[in-house]
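Every number here is computed from the coordinates shown, using simple stated rules; none is lab data. Here the structure is a predicted model, which is why all the values come from computation and not from measurement. Quick reminder, even Gly has a Cβ in these numbers, built from the backbone with ideal geometry, and neighbours come from all protein chains shown.
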């Protein structure tokens, strides 16, 4: 992973001439590029851990599992939110861990937490490091120092139950690595967040991650048969079963705990047979409302495809500018003929018979709702580029352009109002800062009672006050989402959403979670400053 | 509801001559009937609440909302587990509430809890009172007295969102009443536990109830968009949304809390369009394993029907003895021809097209797995008698016969072993007491990674030591279930499963739940003795 942005490899730039022209016209780009600084000019505070501290950690974990080199500390200094990238590219991360540790097994992990309690050292669990909500920022708070606890060495597949279709893994295994291992056995987890190439399974569980195929495969929280959390006060292990009616569901407490209760060390997850066939197709609707009404119909018939991505008018226009070749011509033809329109990508996976029957039914419902089929071109293009957006973000930052996303979910009856009000609030916030921009939205996770709404905002950076500009947009959008009755996040709470979180669970709910935390982590070493206060 | 058994009406006895003959032969029945005592001979301890206590409660809730008459106290003295019925029929409930209260709104409910904290009065939330695990037994423990808090007056439908397909209700509404209201609007909740005629929605949520159609409609926990818990320390209200990634899922903490954290006062639940058509059919398999393997195939194809009920050889034989008319002849013909077999009932609900297509697919998969179709007769018979088993239990008790159920869930790879080991352990326990009996089992909730297993045990009562006999069977079955890796319950923890609960969530998990409880109910007035210690 690049320390200043996304991806671990030379990535070919994705901005097409059409997209650049649109950016120039609608947003404005900087006349001179804003590249990241070089590693040599990065400024990190010195580690607060002395040689005796490090020697103790090495004795506990092994010498190779305790790292203090600048590149290691830098890579673990933040997640991949927009403000994180701004700071990283400028060579000035907001903070840095005093060391990075890689425990290799449950016993060493538990011993490490004991040690950190005793020595008052904060611990930030770090999987893929892709948080966009400040979820891995190394805050020591009241403690002497802070470690980034990288779970990369806890990466074993512990067992595959072919009959039950479950896989038992350690929490640090990467989603991509697990998916490759499962593919060799004819299975898939079906969990493909945009950050798929980097994320760990434990990180996905800790953040209640929903992948691009969550409509069909469920979010990671729905895949958990059993889970083990190593916490400072002990190890919570739930029995791995398909269902239980025994008390509150502790699995759903550990899912979403964001590292504040402990480390997700192991999980038993439901897998599915690898699909024989993927059918991805595009359709165009005259407007956003016709599109989401058609999705509602499919959801309430219990006939949803596995992947759904419906872009509003604004996002469809940007997609067209980014598209190339035949899909672009088809889509362009449709949009030009009508003046506007909305694109939806529909993905259906499974065996031949099921895909034929399900995709056929979807087509009938969408056509009845007025959709025009665009064929498999847009579907293939989407599949090809499904993990590309974070790379594009790096290009935009180099051009002096801000890009941020805000995600929510709400019930069907509220989708239109929420979409309108949040877009208006963000436009207003941008106008107020004299940086008008593009606000676009898509639906990508569909439920029977409603759907997600992911907003993307693109605007020229307000140079010299980029963070303030971002904060103002974030505040406007979250205030509007809360006021409109949407959930404050589809991407975890972290630092960035804390202020709005109590609105969602009520003050008494927040106190209950805090009590739970005090029990599992009495001295508050686990990921201070995230999710809950303190 | 009868105070000594099940049902609120004159119920026609359901034991056929064939069933009686089988009981006589295989279990033995008492030579003279064991009817319940009359109300006049019931012995209840006097209420520990004095006139000043009751006056305060009346001032708080209204005079008609505070009841101390014997029939009220008696009806709220226990749930409907086998030992509860034994004691009730003998006129000697294990305990009784000192008063029964019926708060009429959230404000009065919250004020009542405040009052009970202040006066050290324990509170047992009481919905339908159908707990089979000791979940509503009125235990004062360290407190001065105990109230049964009947939620019957909190029974409003607060709103139906036709687009989102959600209904907002107060927790005390009865499932049957809600279902009738929804039917008028063209919707269904699809939640049909065997206790459907009596249970409250809040009680279902508090016990993570799974209805007979949970395979298609999900368990109640999966229907919750939002929920409100009134607890002594405050009211926890979650935002009603189809999905959230904001922290641990508090909804799944409240679901299953069994009255120990507070009262489920309100919920927003997903509903579905009322099905146009119900297609219920029977099939026969040569053995249990062929049957559950076919269900596994359907589950892992994501092509499950809405209702599935697969009986093992033993239960199928009993079903035959209970059946009458054409279904009995068909089933009898099949079983006699083969010597043994297993019956599965398959229910498919929805619009015409979907039912045709789904039921057709199910038929193909089941036939490929070797099933013989028995037509719609057994399906109709099952639908007709779906809520009848608890009435039969009353008849059996009158005949001096013990009947108890134990339920678990496990992964597919473990079904055969668990089924074998639990049945053997229960048979052994019965033999050891010289009351050999019938142990039968069915699968009625199917998940992708596994299924439920509901065991029913029938044996002649060991007269004079009925409770000890029951305890010994219960212990043998729960020890065997735990040892075999099944969840300790598919029907809540209550009092009866507490001893085995920590096995399921680990001691650290139990401490975490206890901490949560201490936060929400600092003085421990809520349903003492259930779920958690204290």
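Given R₀ = 30 Å, what would the calculated FRET efficiency be for residue B:467 paired with residue B:120, taking r from the Cβ atoms and rounding to 0.05? E between residue B:467 and residue B:120, to the nearest 0.05, is 0.50.
The modelled label-to-label distance for the pair residue A:30/residue A:90, using points 7 Å beyond Cα in the direction of Cβ, is 1.1 nm. With its label point put 7 Å out from Cα toward Cβ, residue B:523 sits 3.5 nm from the same residue's point in the other copies, in order from shortest. Extension gain for residue A:297-residue A:365 works out to 23.7 nm (0.36 nm per residue, less the C-alpha to C-alpha distance). Annotation for the stretch B:333-383 versus the stretch B:194-242: alpha-carbon center distance of 31 Å. Computing FRET efficiency as 1/(1 + (r/R0)^6) for residue A:337 and residue B:163, where r is the C-beta to C-beta distance and R0 is 35 Å, gives about 0.70. Chain A's nearest residue to the axis relating it to B, judged by Cβ and reported with the distance in whole Å, is A:252, 2.
Helices in chain B, meaning DSSP H runs of at least 4 residues, each add -39500 (n - 2.57). Divided by all residues, the mean residue ellipticity at 222 nm is -12000 deg cm²/dmol. Residues within the reach of a label modelled at residue A:47 (point 7 angstrom out along Cα to beta-carbon, backbone nitrogen below 11 Å), restricted to the stretch A:91-112, are A:97-101.
Once the Cα atoms are used to define both axes, helix A:17-26 deviates from the longest principal axis of chain A by about 90 degrees.
Counting beta carbons within 10 Å around each of A:312, B:13 and listing the fewest first gives the order B:13, A:312. Calculate how steeply helix A:313-322 sits against the longest principal axis of the alpha-carbon atoms of chain A, using the helix alpha-carbon long axis, and give the answer as 0 to 90 degrees to the nearest 10. For A:313-322 against chain A, the angle is about 80 degrees. Placing a label point 7 Å from the Cα of residue A:62 along the Cα-to-Cβ direction, the distances to the matching points in the other copies come to 6.9 nm, shortest first. Under the classification rounded if a/c is under 1.5, otherwise prolate if a/b is larger than b/c and oblate if not, where does the stretch B:277-386 fall, given a ≥ b ≥ c as square roots of the Cα gyration tensor eigenvalues? Verdict is oblate for the stretch B:277-386. Counting other Cβ atoms within 10 Å as a rough exposure proxy, the listed residues A:223, A:22, A:402 run A:22, A:402, A:223 from fewest neighbours to most.
Taking 7 Å steps out from each Cα toward its Cβ at residue B:352 and residue A:479 produces label points 5.5 nm apart.
Arranged from fewest to most other beta-carbon atoms within 10 Å of their beta carbon, A:474, B:363, A:530 become B:363, A:474, A:530.
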